[in-house]
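For reference, the structure discussed in these notes is given below.
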Amino acid sequence: MERNLKNVLVISFGFLLLFTAYGGLQSLQSSLHSEEGLGVASLSVLYAALILSSMFLPPVLIKKLGCKWTIAGSMCCYIAFSLGNFYASWYTLIPTSVILGLGGAPLWSAKCTYLTIAGNSYAEKAGKHGKDIINQYFGVFFLIFQSSGIWGNLISSLIFSQASNKVEISEENLACCGAYDCMTDTTNTTGSAGPSNSLIYTLLGIYTASGVLAVLLIVMFLDQIKSDQAETEKEILETPSFWSTFLATFQHLKDKRQCLLIPLTMYSGFEQGFLSGDYTKTYVTCALGIHYVGYVMICFSAVNSLCSLLFGKISQFTGRKLLFALATVTNTACIIALLLWKPHPKQIAVFFVFPALWGLSDAVWQTQTNGLYGVLFEKHTEAAFANYRLWESCGFVIAFGYSTKLQVYIKLYILLSVLVLSMVTYGVVEYLEAKSSPGTPTATKKENVGPVTQETHM
């Protein structure tokens, strides 16, 4: 096997193992640690730390440690979060959330840098275009990586389904589920929702072992960047310099199109935060039990992955405006339905319809918003995508931050308001683009922006 492809596979399966654990844990935080809102508070802190990490750490760590050891070290930050869940309290989960957030940005940046160098290296030897090989490598990576959402949630559901303390949920407790929740600890009021400590420890043990295997895979089988590639690495890290990139992130806000895209970018964080923080707890765990959370999130992940692939292909024929309209209508319909629906165990299929439709919408928000950034800010992509990560992470922080303070129906109204504002400001951006170049058809795709899409999925 060609050595660069071997390294791509090592990184891909390393991330698969790592995010099998993290993805499953993220989906369960609001349900597993609902007391005093500890679970969602930890996620809010995590994304706040990610914002700081994105601004300061990646160039410094990659320059000092190199890509391989930055990846390995950052993966250890994720393992710390798994360990923190064993004895979840404000003194263990919050610090380990900070550690994970700080490790998140260097992990993804080092991965992108490594695959870019590997792609350019092979292209030079094979006499091919570097861009084409890099796209192939990232395609292989995401093909393998995307399935982590399925495996992590499947493991949690299979383990929690072994719980022997399932009891029928009373109508009185079901009244506290859904949009007009009672603002109580729903996981404790529903008898079927509390797995035993032994099952929780079993799950956390599997997740921790998965993270350790990821680190060992990277340490033992990933090649160091070769000496003849060192200059390439140096160019990637130093051009532009760290401080110029940092300043450019905020200077980019002088572009009014960037400012107009802030609501749309933040909405991506809001809607993902609602699904993983509120829908899983107040609808699924409350009415069905925690063992169904994994199955529901598998449905979301599967539809999201398939639609991301589909929309990436068809956007060149439909244009992005039609896809944004589809996502807006779908998300609006879901929000209104969630406001009206009273979840009940007899309507089990409905619990899966919402994440499926949410996955379809999220696929548009991810692929098309990233593509839009790539097209609009072609000459300032680094500053543009830094803003993308910044504002989407802010959306996550806010969504998780108010999760325990407000009733679900208020959160749904906030979500709907941000969505409407997002579409208004997005429409202005499209109008400005059409006005500035009336004779030029609006581009609908941008090559090699896919890797950035997934960085905020942590």
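The values are calculated or read from the model by the stated rules, or taken from the named source; none is laboratory data. Note that this is a predicted model, so its numbers are computed, not measured. Glycine gets a Cβ as well: all are built from the backbone with ideal geometry, and neighbour counts include every protein chain shown. Ligands, DNA and RNA are stripped out before the accessible areas are found, and what is left, the full protein with its side chains, is counted by its heavy atoms. Shrake-Rupley method; radii C 1.70, N 1.55, O 1.52, S 1.80 Å.
Quick check on the chain: helices-only [θ] at 222 nm, where DSSP H runs of length 4 and up contribute -39,500 (n - 2.57) each and the sum goes over total residues. Nearest 500, please.
-25500 deg cm²/dmol
Sort 56-67, 25-36 by packing, meaning the average of other beta carbons within 10 Å per residue, with the highest value first.
25-36, 56-67
Return, ordered by residue number, the residues of region 354-387 whose backbone nitrogen is under 20 Å from a label point located 7 Å along Cα→Cβ of Leu326.
Inside the label zone: 354-375.
Can you give me the % of accessible surface on the chain that is carbon or sulfur? Probe 1.4 Å, all protein chains present, nothing else counted.
Numbers: 12280 of 18620 Å².
Of all accessible area on the chain, carbon and sulfur atoms account for 66 percent.
Based on Cα positions only, what radius of gyration and what Dmax would you give for region 249-436, in angstroms?
16.9, 54
What does the charge dipole of region 249-436 about its Cα centre add up to, to the nearest 20 debye, if the Cβ of each Lys and Arg holds +1 and the Cβ of each Asp and Glu holds -1?
200
Which Cys in the chain stand alone, with every other cysteine's Cβ at 4.7 Å or more from theirs?
Taking the Cβ cut-off of 4.7 Å, the unpaired cysteines of the chain are Cys67, Cys76, Cys77, Cys112, Cys259, Cys299, Cys307, Cys334, Cys394.
Roughly how large, in nm² to one decimal, is the mean projection of the convex hull of the alpha-carbon atoms in region 303-413? Please list the in-between numbers first.
Values: hull surface 33.2 nm².
Over all viewing directions, region 303-413 projects a mean Cα-hull area of 8.3 nm².
Mind jotting down the distance between the C-alpha centroids of region 253-267 and region 116-167, whole Å?
30
Once you charge only the Cβ atoms, +1 for Lys and Arg and -1 for Asp and Glu, what is the size of the charge dipole of the chain about its Cα centre, to the nearest 20 debye?
Here the chain has a charge dipole of around 680 debye.
Let's test the formula: R0 of 22 Å, r as the Cβ-Cβ distance of Ser196 and Lys342. What FRET efficiency results, to the nearest 0.05?
0.15
Along the charge dipole of the chain, Cβ charges K/R +1 and D/E -1, which of Asn173, Ile290, Cys76 sits furthest on the positive end?
The one lying farthest along the dipole's positive direction is Cys76.
Would you mind working out the magnitude of the charge dipole of region 282-379 relative to its Cα centre, with +1 at each Lys and Arg C-beta and -1 at each Asp and Glu C-beta, to the nearest 20 Debye?
120
In nanometres, what is the gap between the two model label sites at Glu430 and Tyr409, each 7 Å from Cα along Cα-to-Cβ?
Computed distance between label sites Glu430 and Tyr409 equals 3.3 nm.
So what is the accessible area of the chain per residue, in Å², with the probe set to 1.4 Å?
Result: 41 Å² of accessible area for each residue.
How large is the Kirkwood hydrodynamic radius of region 338-388, counting all unique pairs of alpha carbons, in Å?
On the way: mean 1/r = 0.0740 Å⁻¹.
It is 13.5 Å.
Sticking with the crude label model, points 7 Å out along Cα→Cβ, report the distance from Lys131 to Leu310 in nm, one decimal please.
That separation, rounded to one decimal, is 2.9 nm.
Report the label-to-label distance for Glu36 and Lys64 in nanometres (one decimal), using points 7 Å from each Cα along the Cα→Cβ vector.
3.4
Please express the Cα-Cα pair-distance distribution P(r) of region 1-141 as a list of whole percents, one per 10 Å bin, running from 0 to the bin with the greatest distance.
12, 36, 29, 15, 6, 1
Pairs Lys254/Lys281; Lys64/Lys256; Lys64/Lys128; Lys63/Lys125: which exceed 29 Å Cα-Cα?
Lys254/Lys281; Lys64/Lys256; Lys64/Lys128
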